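Participant: Structure incoming, see below.
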Amino acid sequence: MPSEREPARELIGRVASAFTELRHDHTLSEVDGPLGWPGYGEQLTRAADLTGESESVVCGLARIGDVTAVVVAFEFGFLGGSLGTRTGARIEQAFTHARELRVPVVSLVATGGSRMQEGTLALMQLPRIARQITLTREAGLPHISVLRDPTTGGGWATLGAGADVVLGLHGAQVGFAGSRVRPPGYSVTQQFAAGLVDQLVEPDELRARLERWLHLLTTPGNGPAPVPPALGATTLPETGWEAVRRARAPERPRAGQYLAAYFDWLEPVSGDRSGGVDPGVLCGFGHRDGRTIAYAAQDGTATRPAGFRTAARLVRLADRLGIPVLTLVDTPGAANDEAAENAGVGAAIADMFTAVAAARVPVTTLLIGEGGSGGALAFAAPGRTWATPDSYLAVISPELAAAILKRDPAQEKETADRLRLRPQDLAELGIAQLGPSADQATAMYRNASSELGTQMVTRPTTP
């Protein structure tokens, strides 16, 4: 298995089929650096002799799978992959080149942080790099980071944590504070559990994973996501209570089954980037019929704040890259325990409502199970929502509605009817459309694509 600290060029050669290095004209003005740090010039010379590199990053244009991308690879053997003024200049040049060519950026990060011998001037490279990340994001180009061992300090706080998709190599130390500052170092597994890393990857799987991700993020296609056909019941419920009972049935198809049937293959993202993960919300990008569709799916549990924030992150990223979105609604409602309230569940729901409302790409919604109140509706696209025969959508559950209205518990079934929550009720009220069969779904997609394809905001793709 390759080492996480393998030289930058060896790593590039392992993940790319071709590589052309960028030419750099950046030199230090003094032998011992901008601060005149005693012996710094000798350290640079030794680092160059040891690694064969003139700086701690190697930047260039690489072919990874079927996509051309700009690669920024850290050479940890060069002063611990530290960030200095020349490092910042090279990274700036690399991101600028990516925007000029309209290609993605892949950062292969392995760094101990800012370079002590250049003092605060080295630290000032962080906003310089952050600006490049921001400009590239505004240009609608994806940025994938790979966290190697170690990824600490400013490298983690910019290129690592600031990427659109964050892949972590197993065994890597990842954290703002390095092991010499606060031993022992924080692991990439801990960062993944905290919702700050999308996927954990074995080093020998990295090439295939990068190829898949780059393909997904650069093939958005046109038109809305097709509506998935229902996988469960085919007949509509006769009463409101029957609709509730069907939606709560444990044998009913869940989000995972819908996603498996819908996509040829997919890659998930994980976490809200704020310290939280909700296993009841499945988000990511999938490949279907030669195009990419983003998905955010509730999986039948009460949705927690981290779930709403992860889904909102997914929708915004898809919108920026011009990728249509599919949402699957299935939740008894938003989590409302003390932990959820303390984590800002109301603000998280608002964030998801806003992300869907602001999306310029089409969002397609299928109600596949329970649709409990605002926690469900936040995932739904007004005017583009369909409902399966074993689903319902209500302002609140019949049991809680009866309790709030001070009705006898025996009236819960009657309350379900009065709420008009059945799929056919939703259709009559203009809230949702009845979900199609497989043949109907195909015809709907073709019609919608011809009508809406020209209305989509155009996004650049790789040449």
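The values are calculated or read from the model by the stated rules, or taken from the named source; none is laboratory data. None of the values given here were measured: they were computed from a predicted structure. So basically every Cβ, Gly included, is an ideal-geometry build from the backbone, and we count neighbours across all protein chains shown.
Participant: If only one of Ala376, Ala339 is in the same structural domain as Leu426 (by TED's automatic domain parsing) and surrounded by 15 or more Cβ atoms within 10 Å (Cβ to Cβ), which one is it?
Facilitator: Ala376
Participant: I've got another one for you. Report those helices (runs of 4 or more DSSP H) wholly inside the stretch 113-230 carrying at least 3 residues which are touching a residue at least 60 places away in the same chain (Cβ under 8 Å), of a type outside the set (Phe, Trp, Tyr) and closer than 18 Å to Ile64 by Cα.
Facilitator: The qualifying helices (runs of 4 or more DSSP H) are 206-217.
Participant: Taking Glu251, is it assigned by TED's automatic domain parsing to the domain that holds Arg384 and without any contact (Cβ under 8 Å) to a residue 24 or more places away in the chain?
Facilitator: yes
Participant: Within the stretch 316-368, work out how many residues are part of a loop (DSSP other than H, G, I, E, B) and either under 21 Å from Pro253 (Cα atoms) or under 15 Å from the mean Cα position of the chain (by Cα) (or both).
Facilitator: The number of residues fulfilling the criteria is 5.
Participant: OK, next. Here's a check for you: in the stretch 95-121, which residue that is in contact with a Gly (Cβ under 8 Å, 6 or more places away or on another chain) and either acidic (Asp, Glu) or buried (at least 24 other Cβ atoms within 10 Å of the Cβ) (or both) is farthest from Gln43 (Cα to Cα)?
Facilitator: Ser107
Participant: Turning to a different aspect of this structure: Would it be correct to say that Thr310 is in a loop (DSSP other than H, G, I, E, B), hydroxyl-bearing (Ser, Thr, Tyr) and touching a strand residue (DSSP E or B) at 6+ places or on another chain (Cβ under 8 Å)?
Facilitator: Judged against the criteria, Thr310 is not a match.
Here is a yes/no grid of residues against (1) touching a strand residue (DSSP E or B) at 6+ places or on another chain (Cβ under 9 Å); (2) part of a loop (DSSP other than H, G, I, E, B); (3) at pLDDT below 95; (4) of a type in the set (Asp, Glu):
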site	(1), (2), (3), (4)
Glu238	no, yes, no, yes
Glu242	no, no, no, yes
Ala247	yes, no, no, no
Arg252	yes, yes, no, no
Gly256	yes, no, no, no
Leu266	yes, no, no, no
Asp272	no, yes, no, yes
Asp278	yes, yes, no, yes
Phe285	yes, no, no, no
